[in-house]
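Below is one structure, written out as structure tokens, with a few remarks after it.
Nothing in this text is a laboratory measurement; each read-out follows from the coordinates by a stated rule. Just so it is clear, the structure is predicted and the values come from calculations on it, not from any experiment. Heads up, the Cβs are rebuilt from the backbone with ideal geometry, glycines too, and the neighbour counts pull from every protein chain shown.
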Amino acid sequence: MYAWIWRHLPGPIALRIALATLLVLAVLALLMFVVFPWAEPKLPFNHVTTG
Amino acid sequence: MPESPTEVIPRIEDEPEHGLYGGHGEYGDEDDPYYDHDYDHDEELDADEQPAPDVPADGPVRKTVRTVGELFITAGLVMLLFVIYEVYVTDWISAGKQADAAAELNKEWGSNTVGGDQQRSAHYSLADGQGFAKLYIPTFGPDYKFTIVEGTTDADLEIGPGHYKGTALPGQQGNFAVAGHRVGKGAPFNDLDLLNSCDAIVIETQTDWFVYRMLPKQDEIAGWAEGKGKAAKCATNKVQPLGAPYDKTVGQEIVLPTQGAVIAPVPYGQPPSAGQQAALLTLTTCHPQFSAKERLIVHAVLSRQIPKAQLKAGETPQELKER
């Protein structure tokens, strides 16, 4: 999977590293600001009220 | 290899260096042309067309196993990232919201000067998610200060500790109940389990300071007068078990999430006639840490009320200096 992505990145090695870093950052941002805030209330880790 | 084109020969000299850069040599066993059907046969790749003789070619099984393995590793990383999100990133997001709420409350208190008449009854502008009081727990250090907002929804609690709607307000008879996060989101109640009986919990409103003190814990009640009750904090402030109908209201308890009675005016009991109730403060958070299995509850009772009019400008109650 990761090797497949790497092979399909265009350009010389430096550009590929830059693109791969960008991809990783994009996935991180998606997780931190979209997926986790959505999933968190559904998970039983941090409920603090009674009743 | 007889089928090797002659033009490849100079490239073979480059091969070790090429591999070091993590190009096609990074995953040696993936570089044979059968790995992927859309593998481009551009001349750059020809050098890699000869797998080492003892490395088996990639069949569909090998490819599937590798992909599944990569997915598992990815799932593990995502879970690790979730913990980082829960413990650090939410802290960072909440810190901004808490600062905004505090700034707004300070502005409101500053602009809306309380005249002589209004000192008799505190006025609160209660709007969901808006701050209306400040919480200090001197035991947790001089910088422990949170703005309490109205409401206990997820959005409210992301800003700071939240007041259970409909429960008493600071200083009133009944039960001023506040929920707060224990992990992430600013974690206002992270150390709530470290609070001891007689420790001060100070609430600041626009007009007054209210000093609550944590009630005796269950195991301290029996020998209170001879035991913990003699400690300076308890004796000088006359903290003692409240007696009926508050016999079940102890300083610290761990309850099930369904036990809403802990925030009732008289926890687990029938309230006496209005005017006879004690002024309680109840803090709730999750327990154990990282779990929603139970709730940690701290009950405190009003010990002292100091109208701000009695203090010099900028003066704070001496309780804030307790440790």
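Data table
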| item | result |
| --- | --- |
| Kirkwood-based Rg to Rh ratio, chain A, C-alpha trace | 1.29 |
| Length gained when the stretch B:Gln172-B:Tyr88 is fully extended (0.36 nm per residue, less Cα-Cα span) | 26.6 nm |
| Semi-axis lengths (Å, descending) of the ellipsoid that matches the C-alpha gyration tensor of region B:148-189 | 20, 10, 7 |
| Degrees separating the helix A:13-30 axis from the principal Cα axis of chain A, which is the longest one | 10 degrees |
| Stretchable slack from B:Asn106 to B:Ala231, in nm (0.36 nm times residue separation minus alpha-carbon distance) | 41.4 nm |
| Peptide-level mean, for A:25-37, of C-beta atoms on other protein chains within 10 Å | 3 |
| For B:Lys165, residues with placed amide H under 5 Å, excluding near neighbours | B:Gly151, B:Thr152 |
| B:Ala244-B:Val68 pseudo-label distance in nm [points 7 Å out on the Cα-to-Cβ vector] | 6.7 nm |
| Shielding of A:3-13 by partner chains, average beta-carbon count, 10 Å | 4 |
| Magnitude of the charge dipole, region B:202-323, Cβ model with Lys/Arg +1 and Asp/Glu -1, debye to 20 | 220 debye |
| For residues of B:84-92, the mean tally of beta carbons on other chains within 10 Å | 3 |
| Least to most buried among A:Met32, B:Met79, A:Met1 (fewest other Cβ within 10 Å first) | B:Met79, A:Met1, A:Met32 |
| FRET efficiency estimate (nearest 0.05) - Cβ-Cβ, B:Leu311 to B:Asp143, R0 30 angstrom | 0.90 |
